[in-house]
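**Student:** One structure, pasted below without further comment.
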Amino acid sequence: MNSSQIFPRRSFLKALCGTTITVPTLDPSRVRKLQLNEVIKPATEKRLTGDGLPFPKQPTKRGDIVVKFDIKFPDTLTKEQKETISSTLRV
């Protein structure tokens, strides 16, 4: 499989509340935008079919771009922040 992988970094807040990812492709005139409204978990993957590397023996056919997320968690939280998060995210 001729897949390319990218690892966009997103803040914890954007991972919870939604974000837009701009994904460059090998064709400079084509840029893909992913609007993500769901919660992005560290294991979340999105696949852009047909936008990856060309197959060596079939150059008109392309693999996929796999988007895997690098979620940036805060290093520390204050007591107040922990209480706010805890009361807001009761699950």
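Derivation of every value follows stated rules applied to the coordinates shown; laboratory data play no part. Worth saying up front: this structure is predicted, and the values here are computed from it rather than measured. FYI the Cβ positions are ideal-geometry reconstructions off the backbone, even for glycines, and counts take in every protein chain you see.
**Student:** Could you check how many residues of the stretch 68-80 are in a loop (DSSP other than H, G, I, E, B) and touching a residue at least 24 places away in the same chain (Cβ under 8 Å)? Write out each step before concluding.
**Tutor:** Initial filter on the stretch 68-80 (in a loop (DSSP other than H, G, I, E, B)): 69, 73-78.
Among the residues that remain, those that are also touching a residue at least 24 places away in the same chain (Cβ under 8 Å) are: 69, 73-74.
Going through the stretch 68-80 one residue at a time, the tally reaches 3.
**Student:** Something else: Out of the strands (runs of 3 or more DSSP E) lying entirely within the stretch 1-67, which hold 1 or more residues that are farther than 30 Å from Thr84 by Cα? Full working, then the answer.
**Tutor:** Details: elements: 4-6, 9-11, 19-24, 31-36, 45-48, 58-62.
Hits in the stretch 1-67: 4-6, 19-24, 31-36, 45-48, 58-62.
**Student:** Okay, next question. When you go through Asp27, Asp64, Asp70 one by one, which is the residue that is exposed (fewer than 13 other Cβ atoms within 10 Å of the Cβ) and either in contact with an Asp or Glu (Cβ under 9 Å, 6 or more places away or on another chain) or among the small types (Gly, Ala, Ser) (or both)? Show your work before the answer.
**Tutor:** Details: Asp64 fails: exposed (fewer than 13 other Cβ atoms within 10 Å of the Cβ); Asp70 fails: either in contact with an Asp or Glu (Cβ under 9 Å, 6 or more places away or on another chain) or among the small types (Gly, Ala, Ser) (or both).
Matching residue, one of Asp27, Asp64, Asp70: Asp27.
**Student:** What number of residues in the stretch 1-24 are exposed (fewer than 13 other Cβ atoms within 10 Å of the Cβ) and closer than 30 Å to Arg90 by Cα? Lay out the reasoning, then the answer.
**Tutor:** Residues of the stretch 1-24 exposed (fewer than 13 other Cβ atoms within 10 Å of the Cβ): 1, 5, 7, 9, 13, 17, 20, 22, 24.
Filter once more, keeping what is closer than 30 Å to Arg90 by Cα: 7, 9, 13, 17, 20.
Going through the stretch 1-24 one residue at a time, the tally reaches 5.
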